[in-house]
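The values are calculated or read from the model by the stated rules, or taken from the named source; none is laboratory data. On a predicted model such as this, the values are computed, not experimentally measured, just so you know. Cβ: placed from backbone, ideal geometry, glycine included. Neighbour counts: every protein chain shown. Quick note on the areas: whole protein, heavy atoms, side chains included, nothing else; ligands and nucleic acids left out. Shrake-Rupley method; radii C 1.70, N 1.55, O 1.52, S 1.80 Å.
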Amino acid sequence: MALALSPDGARRVLLALGARGGEFAEIFLERSAGTALLLEGGRIEEAATGCDRGAGLRLVREGRTHFTSGNDVTEEGLLRLADNLVDALPAGTPLGVPELVLQEVARVSPVRVDPAQVPVERKIELLHKAERAAREHDALIAEVAVRYRDQERHILVANSEGLLTLDRQVYTSFSVSAVAREGRGVRSATRVASGTCGFELFESENPEALAREAARVACAQLRAAPAPPGTFTVVLSSRAGGTMVHEACGHGLEADFVEKGFSVYAGKLGQRVASERITVVDDATLPGKRGSYGMDDEGFPGQRTVLVERGILRGLLHSRETARRMGQRPTGNGRRESYRHLPLPRMSNTLILPGDDDPEAILASVEDGIFVAEMGGGEVDIVSGNFVFHCTEAYRIRNGRIAEPVRDAILTGNGPEVLSRIDRVGSDLGFQVGTCGKEGQGVPVADAQPTLRIPGIVVGGRRS
């Protein structure tokens, strides 16, 4: 499964890439394999295993990036790919490449149970158990879809600055979607468990519990009254998992958006952009989390980057290129979906750090408000910071207690303004996982937050 390209072979390919001149040359090799299963309607609808491998070659010359990709990862194949890429370029001073020495990458997420060694029958058994648990929860559950996926990814990065390094990343994921139906009413809910780990994921995540929770939320939302429109104090549960920080803050702190002036945070380094209670970090070094890695897709070590410190904007998420152009150091956030893509500044695990407030005391402090247990999709304009978020699970707060469920609640506001308005930060921390899309590329991420109290958020709903 491992990639094979010797240091001398990598250097020869880099020299070929820079034969007609340039400032930077890079080889990115990738090989991935995995299993995907889907149980729907009581039957296995998808059972696939597969392997993909390929290479992406990049040359930066006179400020322009030239890129190509292919599937032949032998030295001979890479040399042909390099020659084809630079063949049409005018001659220039050849790019020098130092001797390459393989560098070790710290193992962030050790794998204890290799998914590739687990029989597919055992994986399918988990799917059936989850489906039964969801259907048995309530007679209103009409449809259940259960997915399992594992992937092993090996990447190798070599460049003309002398870097040669490789990493192994293993992902295991399990999700349950339940649909509740009564009359003409239909509601759905999904629960997901995923991480950079092996089959040991199921030692801490119970598929049947995930299924029952998805069924519970779908049924609760089916029976819920419409959310009331108005301005409320909103309590975001730690279970909401950081969707707001990812969308309303994280994307706006990716350096390519800031560099182009497309972010509401452009030009605000060192300025206050949030409440002094808020500290935001991006941390690729958290063991087992879905957004973790030993190195990014440019070979830089994953790291913890402080973005907002007690309300002050301190940093951005950089790729190699944005760091070079902006005179900063790379932060290990140059990520790409595959060898077919160029790296972009991307989040890994993005967190609002816990505070000192007791979560139950935060809830008890609100006489009349909205408790958001889980966030769904939404839209964010990173230029203005304005957002619209859908709540997939929400409740009224009455006299400091969670009361009746409400449906179709929509939060609207402006990211920096809302972050500045937060006045209570819980001591807890909850994670949510997903695949983040940007410029047609998806990469695995996780987001996290504590319980938060936010006065004065406009809630869209419907008057009953």
Keeping to segment 368-421, report how many residues are among the polar types (S, T, N, Q), closer than 29 Å to residue 255 by Cβ and in a strand (DSSP E or B).
-> 3
Identify, by number, the condition in (1) within 21 Å of residue 190 (Cα to Cα); (2) open to solvent by 60 Å² or more (accessible area, probe 1.4 Å) that residue 393 doesn't meet.
-> (2)
Looking only at segment 46-64, count how many residues are open to solvent by less than 70 Å² (accessible area, probe 1.4 Å), closer than 30 Å to residue 98 by Cβ and of a type outside the set (A, V, I, L, M).
-> 5
From the option list 55, 47, single residue qualifying as within 32 Å of the chain's Cα centre (by Cα) and closer than 30 Å to residue 174 by Cβ is 47
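Per-residue answers, yes or no, for (1) out of contact with any strand residue (DSSP E or B) (no Cβ under 7 Å at 6 or more places or on another chain); (2) more than 18 Å from residue 194 (Cα to Cα); (3) open to solvent by 30 Å² or more (accessible area, probe 1.4 Å):
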residue: 109; (1), (2), (3): yes, no, no
residue: 113; (1), (2), (3): yes, no, yes
residue: 118; (1), (2), (3): yes, no, no
residue: 127; (1), (2), (3): no, no, no
residue: 132; (1), (2), (3): yes, yes, yes
residue: 135; (1), (2), (3): no, yes, yes
residue: 144; (1), (2), (3): no, yes, no
residue: 164; (1), (2), (3): no, yes, no
For residue 100: the one exception among (1) farther than 15 Å from residue 160 by Cβ; (2) crowded, with 16+ Cβ neighbours inside 10 Å; (3) in contact with a Leu (Cβ under 9 Å, 6 or more places away or on another chain) = (1)
Pairs, first open to solvent by less than 30 Å² (accessible area, probe 1.4 Å) in segment 424-442, second of a type in the set (Gly, Ala, Ser), C-beta under 6 Å, six or more apart | 425/355; 430/238; 430/241
Name the pairs whose Cβ atoms lie under 7 Å apart, with the first residue in segment 224-238 and at positive phi, the second β-branched (Val, Ile, Thr) and surrounded by 14 or more Cβ atoms within 10 Å (Cβ to Cβ), and 6 or more positions between them or separate chains?
-> 230/459
Somewhere in segment 173-189, is a residue modelled with pLDDT of 95 or more, open to solvent by 30 Å² or more (accessible area, probe 1.4 Å) and closer than 30 Å to residue 320 by Cα?
-> no
Residue tally, condition in a helix (DSSP H, G or I) and farther than 30 Å from residue 108 by Cα, over segment 180-212 | 1
Candidate set: segment 54-99, residues that are charged (D, E, K, R) and in contact (Cβ under 8 Å) with a residue 60 or more places away in the chain; chosen: the one farthest from residue 147 (Cα to Cα) = 99
Might you check whether a residue that is touching a strand residue (DSSP E or B) at 6+ places or on another chain (Cβ under 9 Å), charged (D, E, K, R) and modelled with pLDDT of 95 or more occurs anywhere in segment 407-417?
-> no
Only one of these is in contact (Cβ under 8 Å) with a residue 40 or more places away in the chain, farther than 30 Å from residue 325 by Cβ and open to solvent by 60 Å² or more (accessible area, probe 1.4 Å): 12, 31, 43. Name it.
-> 31
